[in-house]
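Colleague: Have a look at this one.
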Amino acid sequence: MRMTQICVFAVLTFILTVQGAAAETMTMKDAVEAGLKDNPSILAAREALMAADYAVKSSKAAFGPALSTQYGYTRLDERPTSFGRTVGSLDNWELAFNVHQPLFTGFNLLTTYEKSLLQKEQAASQIDNAELQLTVAIQDAFLRLLQARENVRSAEDALVRLRSQLKVNTAFYEVGLRPKLDMLQAQVDVATAEQLLLAAQNSVDTLSAQLNTLIGRNANADVEYVGALEYFPVNLSLEDCLERALKNRPDLTIARQTVMVAEKDAKLAAVPYYPQVGADFNYVRAGNDPAVNGGDDHDPSEWNAQVGMKWTFFEWGKTYYAEKSAQKNVSRVMQEYQNLENEATFAVKESFLQIEETEKRIAAAKEGLIAAKESYRMAVARYEAQVGTNTDVLDAQAAQTQAEASLSLALSAYERAVAGLYGAMGEKNPELLPR
């Protein structure tokens, strides 16, 4: 029996050890790095970059010669004749090889290659943009999680205070010093606080699942996110932030690259204006049988080389209107770029103002919390001394809970505004360290 107990204990210990080892502990920086490594949206952007790289190689290969072959059989209904003399056979087999080298394609090959290079750069910028957006999203969720935990702690403290007040009310009621109404009111407030605590705990679980998803984990993964809400000064001027945004934001880079791609498309639309020049080398084998070894009516092989030009110089305005359409598209994307630049300026200004606002809110919330704690202490003391009311105590308790929530909200909003500012400037700052 004792050996069985020892075995059971050993198994339970092993299970708990494995479970403990399976849990991950992550700071904000760790979470951002994990997301940039494993988030599917980032992996998809990297695949797009690889595809763009292959497109560059494909367009580059188009400059070289193209080799093709053709093999066929032709059966005639009667033998061909010329001046009463037979000059061919009924069965004709032919094998042909062709080497085509484009010499001038109206700048089509060159422009296509340059466009593919731009699209590759654009794909790389899209990775930067996706990483930046994911970084800000992870930081925002992380800070909301820290705020939710503070709300849980505040709700737990409030519940402890309310339960303590309920005990005092119950004791006073039992000895006839307070009416039953005070005790019932305290019971209602305890029940309400328990519900608020459950809601706060559910918010923590929800935000943890959201963070798991953002970093590329299963929503139910066992990850412990560690950190604390804190204030740190951001010594940046608005002018510096705007300058850095216009220089570093990847979406602005993508927009500029989109303009250049559109310009290449306009150039490609004008390709039909030019002739197409190419060189060909042809080698042909023919015969009366599949071996194409010649015959009475076929030479076994022949070759020829030629340089030719093809030029379609009139198509009822098709090329003209296609070029005009492409030029209008260039104008459109240039306007979109200008609009995006204005939106980037606004985003920086908005985050900058939010930082200034939340700094003031933090200072006010700290002072309010000090006053709320003192008010609650005095209300409890007055109630226990029989010179205050139960309502005063409950109001003071609610005010303290609200003051704690206001402080955690202000701290969270401040750090989220800082994360938003760096995102608006196009800079990844996983730890939110001053730069």
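Colleague: Using a 10 Å cut-off on Cβ atoms, rank the peptides 156-164, 416-424, 130-138 from the highest mean neighbour count down.
Modeller: Taking the mean over residues of other Cβ atoms within 10 Å, the ranking is 416-424, 130-138, 156-164.
Colleague: Show me, for segment 394-406, the HN-Hα J-couplings you get by feeding each phi into the Karplus relation (A = 6.51, B = -1.76, C = 1.60, θ = phi - 60°), rounded to Hz, glycine and proline as x.
Modeller: 5, 5, 5, 5, 5, 5, 5, 4, 5, 5, 5, 5, 5
Colleague: Summing -39500 (n - 2.57) over the DSSP H runs of n ≥ 4 in the chain and dividing by its residue number, what mean residue ellipticity at 222 nm do you reach, to the nearest 500 deg cm²/dmol?
Modeller: My calculation for the chain gives -24000 deg cm²/dmol from helical runs alone.
Colleague: Sticking with this structure for a sec: From zero up to wherever the largest Cα-Cα distance of the chain sits, split into 10 Å bins and tell me the percent of pairs in each.
Modeller: Reading upward from the zero bin: 4, 13, 15, 14, 13, 11, 9, 7, 6, 4, 2, 1, 1, 0.
Colleague: Picking from 86, 112, 67, whose Cα lies most toward the positive end of the charge dipole for segment 44-152 (charges on Cβ: Lys, Arg +1; Asp, Glu -1)?
Modeller: 86
Colleague: Using only the alpha-carbon atoms, how far is helix 318-384 inclined from the longest principal axis of the chain? Give it as 0 to 90 degrees, nearest 10.
Modeller: Taking the Cα atoms of the chain, the angle to 318-384 is about 10 degrees.
Colleague: Work through the residues other than residue 199 whose Cβ is under 15 Å from its Cβ and net out their charges, Lys, Arg +1 and Asp, Glu -1.
Modeller: Result for the neighbourhood of residue 199: -1.
Colleague: Moving on to the next point. For helix 108-174, report the angle its Cα long axis makes with the longest principal axis of the Cα atoms of the chain; keep it between 0 and 90° and round to the nearest 10°.
Modeller: Around 20 degrees separate the two axes.
Colleague: What is the spin-label model distance, in nm, from residue 346 to residue 373 if the labels are put 7 Å beyond Cα along the C-beta direction?
Modeller: Going from the residue 346 label point to the residue 373 one covers 4.2 nm.
Colleague: Next question, about the same structure. Distance in nm between label sites at residue 312 and residue 238, each 7 Å beyond Cα in the beta-carbon direction?
Modeller: Calculated label separation equals 5.6 nm.
No value in this document is a laboratory result; all are computed from the given coordinates. A quick note: this is a predicted structure, and the numbers were derived from the prediction, not measured. For neighbour counting, all protein chains shown are included, and Cβ atoms are generated from backbone atoms with ideal geometry for every residue, glycine included.
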